[in-house]
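Peer 1: The structure that follows is given in the form of structure tokens.
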Amino acid sequence: MVTVWRRPAGGPAKVKGESAMASTVLVVEDERKLRDLVRSYLERAGFTVLSTGSGAEAITMAATVAPDLVVLDLGLPDVPGETVARELRSTSATPILMLTAKSSEEDRIRGLELGADDYVTKPFSPRELVLRVQAILRRGRSAAPQGVISYGGGELVIDEPQRLVTVRGAAVALTPTEWGVLFALASVPGRVYSRFELINRVRGYEFEGYERTVDSHVKNLRRKVEDDPGQPSIVQTVLGGGYRLGLTRDD
């Protein structure tokens with residue numbers, strides 16, 4: 001069953017320190033009590049919340065409603081969360097925050113490689129989840145270069161006002177995290193950014209996790225911008241250092 005929640009006038013006060021936002025969040029979680037808890041915290045933070053416990057229904061809702069962000073549990077009873085993430089990512093760049101009971105590094109990396117922007121391991125703090133949702137959406141709105149800037153003789157064009165990235169004349173849809181990684185690298189072409197530096201700059205908050213998560217996002221980014229992801233010319237690896245933009249900024 002689909003539930004749509006909106007914060008009513010005169011309703012619960014917003015969580016201290018958090019600003020109201022007009023964004024719509026789709027919560028996909030089969031455990032009713034947890035779904036309602038997450039909904040309550042997001043509602044108090046000013047979000048419009050849609051919720052469902054079905055993976056199949058989530059895919060349909062995402063296609064018709066186009067939420068600003070999806071909070072997705074991986075342990076769904078009908079369609080695996082991984083399949084839902086793959087379907088969502090095949091048609092849009094909508095940010096995905098994964099909920100998972102799996103805490104191993106490999107499980108987290110696998111989720112990120114499916115296109116998730118972030119993950120929260122159960123059990124978790126609902127307040128932290130709200131902060132992460134807000135951070136992801138802020139990343140989607142922020143940018144490093146200003147205006148329209150091209151690199152490599154027009155091979156890469158970043159249009160900040162329109163939030164568009166064009167590679168060899170073709171528009172590319174990036175998730176907020178991929179957008180953040182590319183913008184960080186493009187802010188100073190040729191400069192080497194360590195994994196730790198990138199993850200903290202892109203996340204926008206202190207990140208206690210694995211720096212390997214950057215590798216997953218870079219892998220996804222390369223699939224979209226490189227002619228040959230195995231031989232990258234735009235997002236280059238510097239052994240022992242990190243990553244850099246391999247193109248120079250056009251005059």
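The values are calculated or read from the model by the stated rules, or taken from the named source; none is laboratory data. On a predicted model such as this, the values are computed, not experimentally measured, just so you know. Ideal geometry is used to build each Cβ from the backbone, glycine not excepted, and the neighbour counts take in all protein chains shown. Ligands, DNA and RNA are stripped out before the accessible areas are found, and what is left, the full protein with its side chains, is counted by its heavy atoms. Shrake-Rupley method; radii C 1.70, N 1.55, O 1.52, S 1.80 Å.
Peer 1: Which residue is modelled with the highest pLDDT, if the candidates are limited to region 126-155 and must be among the small types (Gly, Ala, Ser) and open to solvent by 50 Å² or more (accessible area, probe 1.4 Å)? Can you show your working first?
Peer 2: Within region 126-155, the first condition is being among the small types (Gly, Ala, Ser), and the residues that meet it are 135, 140, 142-144, 147, 150, 152-154.
When the remaining residues are screened for being open to solvent by 50 Å² or more (accessible area, probe 1.4 Å), the result is 142, 153.
Working: Ser142: 52, Gly153: 92.
So, considering only residues that are among the small types (Gly, Ala, Ser) and open to solvent by 50 Å² or more (accessible area, probe 1.4 Å), the one modelled with the highest pLDDT is Gly153.
Peer 1: Here is a further query. Name the residue that is surrounded by the most Cβ atoms within 10 Å (Cβ to Cβ), counting only residues in region 19-69 that are hydroxyl-bearing (Ser, Thr, Tyr) and not in a helix (DSSP H, G or I).
Peer 2: Step one: list which residues in region 19-69 are hydroxyl-bearing (Ser, Thr, Tyr), which gives 19, 23-24, 40-41, 48, 51-52, 54, 60, 64.
Add one more test, that the residue is not in a helix (DSSP H, G or I), and what stays is 19, 23-24, 48, 51-52, 54.
Numbers: Ser19: 9, Ser23: 20, Thr24: 16, Thr48: 19, Ser51: 23, Thr52: 21, Ser54: 18.
Checked region 19-69; the qualifying residue surrounded by the most Cβ atoms within 10 Å (Cβ to Cβ) is Ser51.
Peer 1: Are any of the residues in region 47-54 closer than 18 Å to Pro176 by Cα and polar (S, T, N, Q)?
Peer 2: Looking for residues that are closer than 18 Å to Pro176 by Cα and polar (S, T, N, Q), one finds none in region 47-54, hence no.
Peer 1: Restricting to region 154-198, name every residue that is more than 20 Å from Ser216 (Cα to Cα) and of a type in the set (Ser, Thr, Tyr).
Peer 2: Answer for region 154-198, where residues must be more than 20 Å from Ser216 (Cα to Cα) and of a type in the set (Ser, Thr, Tyr): Thr166, Ser187.
Peer 1: I'd like the full set of residues that are open to solvent by less than 50 Å² (accessible area, probe 1.4 Å) and at pLDDT 80 or above, limited to region 191-214. So that I can check it myself, show each step before the final result.
Peer 2: In the first step, residues of region 191-214 are kept if they are open to solvent by less than 50 Å² (accessible area, probe 1.4 Å); the result is 193-194, 198-200, 202-203, 207, 209, 213-214.
Result: Tyr193, Ser194, Leu198, Val214.
Peer 1: Do the conditions hold for Glu160, that is, is it within 13 Å of the chain's Cα centre (by Cα) and either modelled with pLDDT under 90 or surrounded by fewer than 16 Cβ atoms within 10 Å (Cβ to Cβ) (or both)?
Peer 2: No, not satisfied.
Peer 1: Name the helices (runs of 4 or more DSSP H) wholly inside region 77-195 in which the number of residues that are among the acidic types (Asp, Glu) and touching a Ser or Thr at 6+ places or on another chain (Cβ under 8 Å) is 2 or more. Let's see the steps before the verdict.
Peer 2: Working: elements: 81-91, 105-113, 126-141, 176-187.
Where helices (runs of 4 or more DSSP H) fall fully within region 77-195 and carry at least 2 residues being among the acidic types (Asp, Glu) and touching a Ser or Thr at 6+ places or on another chain (Cβ under 8 Å), they are 105-113.
Peer 1: On to the next question. Identify, please: which residue in region 218-251 is polar (S, T, N, Q) and touching a strand residue (DSSP E or B) at 6+ places or on another chain (Cβ under 8 Å) and is, among those, most open to solvent (accessible area, probe 1.4 Å)? So that I can check it myself, show each step before the final result.
Peer 2: First, the residues of region 218-251 that are polar (S, T, N, Q): 220, 231, 233, 236-237, 248.
Adding the requirement that they be touching a strand residue (DSSP E or B) at 6+ places or on another chain (Cβ under 8 Å) leaves 236-237, 248.
Details: Gln236: 47, Thr237: 64, Thr248: 100 Å².
So, considering only residues that are polar (S, T, N, Q) and touching a strand residue (DSSP E or B) at 6+ places or on another chain (Cβ under 8 Å), the one most open to solvent (accessible area, probe 1.4 Å) is Thr248.
Peer 1: Among the residues of region 216-230, what is the count of those that are touching a residue at least 40 places away in the same chain (Cβ under 8 Å) and of a type in the set (A, V, I, L, M)?
Peer 2: Matching residues across region 216-230 total 2.
Peer 1: Does Val188 meet the test of being of a type in the set (A, V, I, L, M, F, W, C) and modelled with pLDDT under 90?
Peer 2: Details: of a type in the set (A, V, I, L, M, F, W, C): yes; modelled with pLDDT under 90: yes.
In short, yes.
Peer 1: Here is a follow-up. With respect to Thr166, is the statement that it is over 24 Å from Ile136 (Cα atoms) and either in contact with a strand residue (DSSP E or B) (Cβ under 6 Å, 6 or more places away or on another chain) or surrounded by fewer than 17 Cβ atoms within 10 Å (Cβ to Cβ) (or both) true?
Peer 2: Numbers: over 24 Å from Ile136 (Cα atoms): no; either in contact with a strand residue (DSSP E or B) (Cβ under 6 Å, 6 or more places away or on another chain) or surrounded by fewer than 17 Cβ atoms within 10 Å (Cβ to Cβ) (or both): yes.
Taking the combined requirement at face value, the residue does not satisfy it.
Peer 1: Residues Val188, Val130: which one is among the β-branched types (Val, Ile, Thr) and touching a helix residue (DSSP H, G or I) at 6+ places or on another chain (Cβ under 9 Å)?
Peer 2: On the way: Val188 fails: touching a helix residue (DSSP H, G or I) at 6+ places or on another chain (Cβ under 9 Å).
That would be Val130, the only listed residue that is among the β-branched types (Val, Ile, Thr) and touching a helix residue (DSSP H, G or I) at 6+ places or on another chain (Cβ under 9 Å).
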